[in-house]
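The values are calculated or read from the model by the stated rules, or taken from the named source; none is laboratory data. Note that this is a predicted model, so its numbers are computed, not measured. No Cβ is skipped: glycine too gets one built from the backbone with ideal geometry, and neighbour counts run over all protein chains shown. Quick note on the areas: whole protein, heavy atoms, side chains included, nothing else; ligands and nucleic acids left out. Shrake-Rupley method; radii C 1.70, N 1.55, O 1.52, S 1.80 Å.
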Amino acid sequence: MKKLFVAAIAFFLVAPTFAQVKKNVGIVRENHYPAFDDFLDNLSASLKSRGYNTYSDYVENYKKGGFGSGFVYVADDGENYVVTNRHLISCAESASIEFENDDGTLTRFDNLSILITDDDIDLAILRFENNARPFTSGLDFYDGKLYDGQDVASAGFPGLGNEPVWQFGKGSVTNCAARIKELIDPSISTIIQHSAQVDAGNSGGPLLVSSKNSALGYEVVGINTWKAVGRDATNFAIPSKLALNLIEKSKIPEDEETVKNGRMEKLKAILSDSTSDYTSVVKFISNDLAIKIGEDYLDEILRYGSSKIRNRVVTEFAFSPVEGLKYAVAYNLYEKFSADNATDENLSKIEWDKEHGLYRISSLGDKVKNSKPQKTASTKKDTNGSNISLVEFEGLESPYIFSLQAGAIIPLATDNESVDLNPGFDFSFEVFPLANGIIGTFVEYTTVSFKEDMSHAFGLGVLVRLPLNFSLFCLSPNVGAGFQIGFSEPTLFRFFLEAGVDVSFDFGISYIRPLLSVCYRQTFDKLTFQNSYLPDELKTSNLVISLGLGIVLE
């Protein structure tokens, strides 16, 4: 009974603390420019009119709006700031933040300005409208040492039923200094790996540690940003000191020309680095440029881009259409300006404007003097000025994992001229389970016609193929072997060998690859029959021609 009483006292002591934390953590939403919303409407209609219904749906879903989390920090001079993730407001003119009150009502602040962002760290600092100071205190930043195993708590508003719902989760630090270059360059900072509950919508919310120095009992040690897919309780937060550094940076006056030149030099270094790729320059593309020219480059990549490039752009587009357009523009920029083309003369044609506190590219300028052949597998001009599609070899790559095929079996020859063979029907289901798509199995149904008699045969087989991937199609020479059993009259046991080629076409349709298959098949039949005109054994050669659909899982 005594232990229960102590536990109850402890609960009532900490409950107000949780409530105070909640009052400083809000729901962040981005507010688009009016022209931006018009663009999304036009983009959706344009994509649908050209048959890109899936991509049009991505735009429609994005237009419904998303949300994340953020928290209030009050500096020593009383200035109010809202700390969140950059990706939550990447396409915003302004932002709003909502705080949930004890009675369930919301207190909303609109027209928050975007004071400063950091592309390398995925952080954004917001200010209340007209630099208002509605908060006298907020969450403080933790300046102590963090260690593995230390208790932490996540706070924010993840989605539940598409609506933000308050969540306060507890866990521990599992790696206080994780180095994961895909998230943050380790030369800039390590990140915090922890097991406190994080779900979609927690982005931008605080990671907290208990602290006796705070009246709330908690201080911010990180900003929750990522969640590992396929692993339990593996979440990542940006160290809070980076947010504090960004706030301090916003207070320091800078010479605009010096800042812009610094961005230009940084872009040039990336374009000149042979180990970089187009994804490194996405952060330099402005929203305005993506809106102006992104759709054309997206269409070019969907039509002619390699599977690898297209899949990355489409993945980003599904999450955020404008971000996908930025990737498409970045790919085009990288192809024009990288390596030997990264000259001062060429780069001087690029125009820059300030967006969210950073200089970003607003125009790619005039034509570039090329000192190297273009790598893009898109189009080129012939001497008459017409467009010619380029088809580039891209190596071994699985064109599909599953396929359904149906076609005709055309008899070519038999070792018994007295037997009349008729064309038959063939249906097969193929599976290539390995990552490289070289070895597969198939299940098959065929009809075998001997004069007026027809046998329905079912069988299994093994295929070995060599998928030679090009930008528009994949050519796959293959060999196979298998057997079939027919149960109708005449009954049949068949062994066969075959060699042929598949051609799968890449038209930019998500997860589907139309294909044509042609193969030469040698069959060895063992027959049991009632009609005397059929021999016991028969060997035939056939041509099998099929059309089908390959299913891509990536």
Mind counting the residues in region 111-157 that are open to solvent by 40 Å² or more (accessible area, probe 1.4 Å), over 19 Å from Phe99 (Cα atoms) and assigned to a strand (DSSP E or B)? 2
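Residue-wise test of (1) of a type in the set (Val, Ile, Thr); (2) more than 23 Å from Glu98 (Cβ to Cβ); (3) under 19 Å from the mean Cα position of the chain (by Cα).
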{"position": "Val25", "(1), (2), (3)": "yes, no, no"}
{"position": "Glu30", "(1), (2), (3)": "no, no, no"}
{"position": "Asn42", "(1), (2), (3)": "no, yes, no"}
{"position": "Ala45", "(1), (2), (3)": "no, yes, no"}
{"position": "Gly51", "(1), (2), (3)": "no, yes, no"}
{"position": "Asp57", "(1), (2), (3)": "no, yes, yes"}
{"position": "Val74", "(1), (2), (3)": "yes, no, no"}
{"position": "Asn85", "(1), (2), (3)": "no, no, yes"}
Between a first residue in region 75-86 that is farther than 17 Å from Pro206 by Cα and without any contact (Cβ under 8 Å) to a residue 60 or more places away in the chain and a second residue that is among the basic types (Lys, Arg) and open to solvent by 10 Å² or more (accessible area, probe 1.4 Å), which pairs have beta carbons less than 6 Å apart while being 6 or more apart in sequence or on different chains? Gly78/Arg133
Hits in region 310-361 - residues which are on the phi > 0 side of the Ramachandran plot and outside any helix (DSSP H, G or I): His356, Gly357
Of the residues in region 228-245, those that are over 13 Å from Thr174 (Cβ atoms) and either open to solvent by less than 10 Å² (accessible area, probe 1.4 Å) or of a type outside the set (A, V, I, L, M) (or both) come to Gly230, Ile238, Pro239, Ser240, Lys241, Ala243, Asn245
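So that you can scan it fast, the table gives a plain yes or no per residue for (1) at pLDDT below 90; (2) in contact with a Lys or Arg (Cβ under 7 Å, 6 or more places away or on another chain); (3) among the basic types (Lys, Arg); (4) farther than 30 Å from Leu40 by Cα:
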residue	(1), (2), (3), (4)
Thr225	no, no, no, no
Ile247	no, no, no, yes
Glu254	yes, no, no, yes
Ser274	yes, no, no, yes
Leu289	no, no, no, no
Leu298	no, no, no, no
Asn311	yes, no, no, no
Going through region 29-39 in order, the residues found to be closer than 24 Å to Pro164 by Cα and either assigned to a strand (DSSP E or B) or of a type outside the set (Asp, Glu) (or both) are Arg29, Glu30, Asn31, His32, Tyr33
Enumerate the pairs (first residue in region 314-329 and among the basic types (Lys, Arg); second residue anywhere and surrounded by 23 or more Cβ atoms within 10 Å (Cβ to Cβ)) with beta-carbon separation below 7 Å, excluding pairs fewer than 6 apart on the same chain, so at least 6 apart or on different chains. Lys326/Ile285; Lys326/Ala290; Lys326/Gly294
Counting only residues that are part of a loop (DSSP other than H, G, I, E, B) and surrounded by 15 or more Cβ atoms within 10 Å (Cβ to Cβ), region 159-189 contains a total of 5
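Which of the residues that make up region 39-52 are surrounded by fewer than 14 Cβ atoms within 10 Å (Cβ to Cβ), of a type outside the set (Gly, Ala, Ser) and at pLDDT below 90? Break it down stepwise before answering.
From region 39-52, those surrounded by fewer than 14 Cβ atoms within 10 Å (Cβ to Cβ) are 41-42, 45, 49-51; that's our starting set.
Restricting the remaining residues to those that are of a type outside the set (Gly, Ala, Ser) gives 41-42, 50.
Hit for region 39-52 is Arg50, nothing else.
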I want to confirm something. Restricting to region 208-219 and keeping residues that are open to solvent by 50 Å² or more (accessible area, probe 1.4 Å) and touching a strand residue (DSSP E or B) at 6+ places or on another chain (Cβ under 8 Å), which single residue is nearest to Ser154 (Cα to Cα)? Ser210
Which one of Gly201, Gly222 is surrounded by 20 or more Cβ atoms within 10 Å (Cβ to Cβ) and either in a strand (DSSP E or B) or in contact with a His (Cβ under 7 Å, 6 or more places away or on another chain) (or both)? Gly222
Can you give me the number of residues within region 460-492 that are part of a loop (DSSP other than H, G, I, E, B), within 42 Å of the chain's Cα centre (by Cα) and hydroxyl-bearing (Ser, Thr, Tyr)? 1
Go through region 350-378 and give me each residue that's open to solvent by 50 Å² or more (accessible area, probe 1.4 Å) and either at pLDDT 85 or above or touching a strand residue (DSSP E or B) at 6+ places or on another chain (Cβ under 7 Å) (or both). Glu351, Asp353, Lys354
Determine whether region 317-324 contains at least one residue that is under 15 Å from the mean Cα position of the chain (by Cα), farther than 30 Å from Asn80 by Cβ, open to solvent by less than 20 Å² (accessible area, probe 1.4 Å) and among the small types (Gly, Ala, Ser). yes
What pairs come out if I take residues in region 419-439 that are free of Cβ contacts under 8 Å to residues at least 24 places away in the same chain and within 23 Å of Asn542 (Cα to Cα) and pair them with residues that are open to solvent by 30 Å² or more (accessible area, probe 1.4 Å) and of a type in the set (Ser, Thr, Tyr) whose C-beta lies under 7 Å away, six or more apart or interchain? Phe427/Tyr445
For the list (1) β-branched (Val, Ile, Thr); (2) touching a Leu at 6+ places or on another chain (Cβ under 6 Å); (3) free of Cβ contacts under 8 Å to residues at least 24 places away in the same chain, I need the number of the one condition that Thr105 fails. (2)
Within region 240-254, can one find any residue that is charged (D, E, K, R) and in contact with a strand residue (DSSP E or B) (Cβ under 9 Å, 6 or more places away or on another chain)? yes
Quick check: is even one residue across region 60-74 in contact with a Lys or Arg (Cβ under 7 Å, 6 or more places away or on another chain) and not in a strand (DSSP E or B)? yes
Just for region 87-110: of the residues that are assigned to a strand (DSSP E or B) and under 20 Å from Ala35 (Cα atoms), which one is most open to solvent (accessible area, probe 1.4 Å)? Asp110
Could you please give the count of residues in region 486-517 that are open to solvent by 60 Å² or more (accessible area, probe 1.4 Å), aliphatic (A, V, I, L, M) and modelled with pLDDT of 85 or more? 2
